[in-house]
Amino acid sequence: MAAGEAVAQVLRPVRRIRDVLCGVPRGSRILLAVGPERGWDEPEELELLARHGFELATLGPRTLRTDVACISLLAVAHECLAAQEDES
């Protein structure tokens, strides 16, 4: 994938993290990458993430401190995974 294509893939419309995580197939591994408080904006970083299959997602419109974002992401991931277990 060319550099421009990788960045364009990451920059497509941003989905809510809950929608991304709850759409992950059951039993899949989830790897979360947390960026700086204002988000990633360096093309090289976005390209690297896209090359490794990351999807850009948001916790919402508020800017969170990195430590709060980590805990929030884990809570959302846990909720989505628990919901998948309840469905089976």
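Applying the criteria of a DSSP loop state and at most 15 other Cβ atoms within 10 Å to the trypsin sites (Lys or Arg not before Pro) of segment 25-81 yields ARG26, ARG29, ARG38, ARG62, ARG65. Between ARG15 and residues 5 or more places away or on another chain, which pairs have amide H atoms under 5 Å apart, with H built 1.01 Å from N, and which residues are they? Close amide H contacts, sequence-distant or interchain: THR58. Is any residue of segment 18-52 close enough, with backbone N under 15 Å, to a label point placed 7 angstrom from the Cα of ALA82 along the Cα-Cβ axis, and if so, which? It comes to 22, nothing else.
Using the Karplus relation 6.51 cos²θ - 1.76 cosθ + 1.60 with θ = phi - 60°, the per-residue 3J(HN,Hα) values for segment 30-40 come to 10, 10, 9, 10, 9, x, x, 4, 9, x, 6 Hz, with x marking Gly and Pro.
Between beta-carbons, use under 11 Å as the cut-off and find the net charge around PHE54, counting Lys and Arg +1, Asp and Glu -1. That sum, taken over residues with Cβ under 11 Å, equals -2. Spin-label model, LEU59/LEU74: points 7 Å from Cα along the beta carbon direction are separated by 1.2 nm.
Since every read-out is calculated from the coordinates, none of them should be taken as a lab result. Everything numeric here is computed off the predicted structure, so don't read it as measured data. Here Cβ is always computed from backbone atoms with ideal geometry, including for glycine, and neighbour counts include all displayed protein chains.
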